[in-house]
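Asks: Let me give you the structure first, and then I'll get to my questions.
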């Protein structure tokens with residue numbers, strides 16, 4: 001809804017395509033939707049990208065910075081981050097606020113990954129599994145979260 005409302009308020013922008021990467025980590029720039037968007041940019045099909053916030057573009061500080069500061073300007077692509085109030089037509093990609101937000105997005109995704117792994121390891125030690133069954137095990141009929 002955020003993107004739809006923004007597009008409704010900016011009739012100078014024409015929606016040509018939506019690139020969705022549900023289920024893919026923002027730390028990975030090999031996402032199918034992202035790669036298709038880059039292909040379409042290089043083919044001259046789009047010249048403006050609008051995202052909800054900077055973390056939707058990517059959560060890897062170095063690569064996100066590359067796209068904002070190098071590739072998009074080189075290909076004359078405007079980038080707009082609605083919630084961050086960033087528009088490359090009026091803002092500098094190297095401004096401190098953008099750099100800090102990208103660093104925080106990178107840190108948050110790494111911290112979340114560490115916490116998730118620790119939680120998963122703890123559950124594994126307790127015999128509680130969330131995904132699939134390891135070979136040779138079955139669910140305990142009295143407690144489906146445990147394995148026998």
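The values are calculated or read from the model by the stated rules, or taken from the named source; none is laboratory data. The shown structure was predicted, so the numbers you read here are calculated from the model rather than taken from an experiment. Reconstructed Cβ throughout: ideal geometry from the backbone, glycine too, with neighbour counts over all protein chains shown.
Asks: Tally time: how many residues in the range 73-97 are within 19 Å of residue 16 (Cβ to Cβ) and free of Cβ contacts under 8 Å to residues at least 24 places away in the same chain?
Replies: Of the residues in that region, 3 qualify.
Asks: Something else: Anything in the range 5-33 that is surrounded by 16 or more Cβ atoms within 10 Å (Cβ to Cβ), in contact (Cβ under 8 Å) with a residue 24 or more places away in the chain and within 23 Å of residue 74 (Cβ to Cβ)? List them, or say none.
Replies: Within the range 5-33, 26, 29 meet the criteria.
Asks: Further, regarding this structure: Consider residue 2 carefully, then state whether it is closer than 19 Å to residue 60 by Cβ, surrounded by 12 or more Cβ atoms within 10 Å (Cβ to Cβ) and in contact (Cβ under 8 Å) with a residue 24 or more places away in the chain.
Replies: For residue 2, the condition - closer than 19 Å to residue 60 by Cβ, surrounded by 12 or more Cβ atoms within 10 Å (Cβ to Cβ) and in contact (Cβ under 8 Å) with a residue 24 or more places away in the chain - is not met.
Asks: Identify, please: which residue in the range 46-60 is assigned to a loop (DSSP other than H, G, I, E, B) and modelled with pLDDT of 90 or more and is, among those, farthest from residue 71 (Cα to Cα)?
Replies: Among those that are assigned to a loop (DSSP other than H, G, I, E, B) and modelled with pLDDT of 90 or more, it is 52.
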